[in-house]
1. Given labels modelled 7 Å from the Cα in the Cβ direction, how far is it in nm from Thr434 to Trp404?
2. For segment 3-54, state which trypsin sites (Lys or Arg not before Pro) are in a DSSP loop and have at most 15 other beta carbons lying within 10 Å of their beta carbon.
3. For Met362, Met303, Met48, Met10, give the ranking by accessible area with the largest first, probe 1.4 Å.
4. For segment 257-376, compute the orientation-averaged projected area of the C-alpha convex hull (one quarter of its surface), in nm².
5. Compute the signed sum of charges (Lys and Arg +1, Asp and Glu -1) over the other residues within less than 12 Å, Cβ to Cβ, of Ala123.
6. What is the distance, in nm, between label points placed 7 Å from the Cα along the Cα-to-Cβ direction at Ser326 and at Ser179?
7. With a cap of 14 neighbouring Cβ atoms within 10 Å, and only residues DSSP puts in a loop, list the GluC sites (Glu not before Pro) found in segment 323-390.
8. Cross-link list Lys49/Lys110; Lys271/Lys373; Lys110/Lys137: which exceed 21 angstrom alpha carbon to alpha carbon?
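The values are calculated or read from the model by the stated rules, or taken from the named source; none is laboratory data. As the structure is a computational prediction, the values presented were derived from the model and not from experiment. Note: ideal-geometry Cβ built from the backbone for every residue, glycine included; neighbour counts use all protein chains shown. Please note that ligands, DNA and RNA were not included when accessible areas were found on the heavy atoms of the full protein model with its side chains. Shrake-Rupley method; radii C 1.70, N 1.55, O 1.52, S 1.80 Å.
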Amino acid sequence: MNRGTFDSWMQSDLAGVERFLSDELLHPSISSHHAYTLAYRSLVRSRMKLYDLAIDDAKKSIEVQRSAIGHIAIAIVHAGSGEPDAAMRVYDLVFSEGVPIENNLLLLIKAIVLFECGKQDDAFSRIDDLIDIVDNKSIYLVARAQLVLFSRSIPQKKDHGRTLALFVRALEAVPFQKSPHLLSISLIFGWKLDGLANAIRQYIQDTTQPFENIGDAAMHSENPSEANIQYFHALCLNTSNPAGLFIKRSKARALLALWDDSLEDAEEAIKADPQSPWGYERKYTALHSLQRYGEAIDAINHMLPLIKKSSDLETRELVNQFISPSKSEEAIITVVREVLKICPIVPIDIKSGCLCDGPEPMSTFRSELECKKLVLSMIRELDHGRIRQVVADFLRYVTFSHVWQGEELSYQNVKLAGSIWGLDGSSLNDKLRTFCRIVGEDGYRCSLKMMYKWYKTSTATFVYLADVDSLSARDSLLRSIWMTRAWTSQELLVPKVIRFYDHNWKPYRGDTRPNHKESPEIMQELADAIGISRLRGVPRLRKKTLRIR
């Protein structure tokens, strides 16, 4: 075939192609060339629906020399004439006679003829089988996509996954559309492949939109389960711009409390469109609900700058609806500093057993999940009252009241050991360790230093009566050396909550109340010791109120 004939055929100038081929047939050179030219003209005449002339050309081609293209031309005539069974028999004859041609290519052409005869499902099934078995799948993927576009059909739900894979792979294969075999198919059937990639993308958009619309309607009707399903189907078909769909499905899954799935969709949305702030918003929401507070703060820190630099004015104005984590942290730090002013100078951290001095209390609180959770609770509005409540609750401490029994521990001793748990096993060291263990079991902190204001602001004061055993009779407290100390009065009267322990660290007189100021018996014993008719306690503080753990 000369260049002029080929160009005219590619441009679907069928009349011009027929004229060129007819001129070539007036001057036959070699028989094989003559046979191919007759077959080509048969194909062109079939497309022009000149089936009588086309069948004559096809038969003459076979008479001159048996060839695959001659048999294909005959089959095309039968198919165009409404005789699909006759067309299939011709293809079977090609295989039986062993006419030289790549078998899989012939099977593809046979499937396309079936499609043109109205047997679409059969055609699709045959091509799918070929895609599964051939090594070079490009031709078959492009042909399959082209037939789907011709059919303008929306695949069944069960076929969405395969359809997605097909179109993704077809788009990758489109650059190979100029392969000789694919060019032959385009000439035989009159396909125009130049705009195939754009056509595939448009088809994806057209078939995706209905599912997305149904999903949106389901969300509006507060039916996230149905929305999740519809967005899934839409995502199976949408490969060009899936970020918005991932965000919508993340919202639906969040409403279903499928937080891990919601987070996965948020991550996919960010991958698809890293410049959109809304993928990060969904990520923050999911991480917050998963109690991964530090990562949630990072997501917010990514989201806010993207909102600020958005090209859309309305989006940029949304930044005013958010409080940045750094601003929340500044407010928290201010409150922590205020609370620390009335806290003991050097408390002991129960978890580590270390002295918590200098910047340690501040850094400890900022590293805790409770602090990060507090930051996230104020993404929309600062709440100074809540900050003060959370900080004061976290920095609660218990003071230790006891009688010195010789060489008691000093600040320097604990500092040198690094931790109370690193001290030697002396009875005096065990006294402090046991106190700290009991305090830790109740969920408090403790202190080595004691002053009036610290007793007043402490959560509780624990009194260790080293000279009172578990079987002591009533009035043992009265005879304890603890009652002879100069500062016993402030340690007894100032704290809101006080608890007495005997030398075995058992609650005094077996009284397990969280606050011994609520014990009539113990209060009467103290009143007798002080010499007044009745020592009044404080307003009732229950275990729940104290949040003892």
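1. A separation of 2.1 nm, rounded to one decimal place.
2. Working: sites: Arg3, Arg19, Arg41, Arg45, Arg47, Lys49; in loops: Lys49.
For trypsin sites (Lys or Arg not before Pro) across segment 3-54 that sit outside H, G, I, E and B with at most 15 neighbouring Cβ atoms in 10 Å, the list reads Lys49.
3. On the way: Met362 35, Met303 0, Met48 60, Met10 80 Å².
Final ranking, largest accessible area leading: Met10, Met48, Met362, Met303.
4. Details: hull surface 37.3 nm².
So the mean shadow area of the Cα hull is 9.3 nm².
5. Working: positive: Lys110, Lys119, Arg126, Arg144; negative: Glu116, Asp121, Asp122, Asp128, Asp129.
In short, -1.
6. Calculated label separation equals 5.5 nm.
7. Working: sites: Glu329, Glu330, Glu338, Glu368, Glu370, Glu381; in loops: Glu368, Glu381.
Answer by residue number: Glu368, Glu381.
8. Working: Lys49/Lys110 19 Å; Lys271/Lys373 27 Å; Lys110/Lys137 17 Å.
The answer is Lys271/Lys373.
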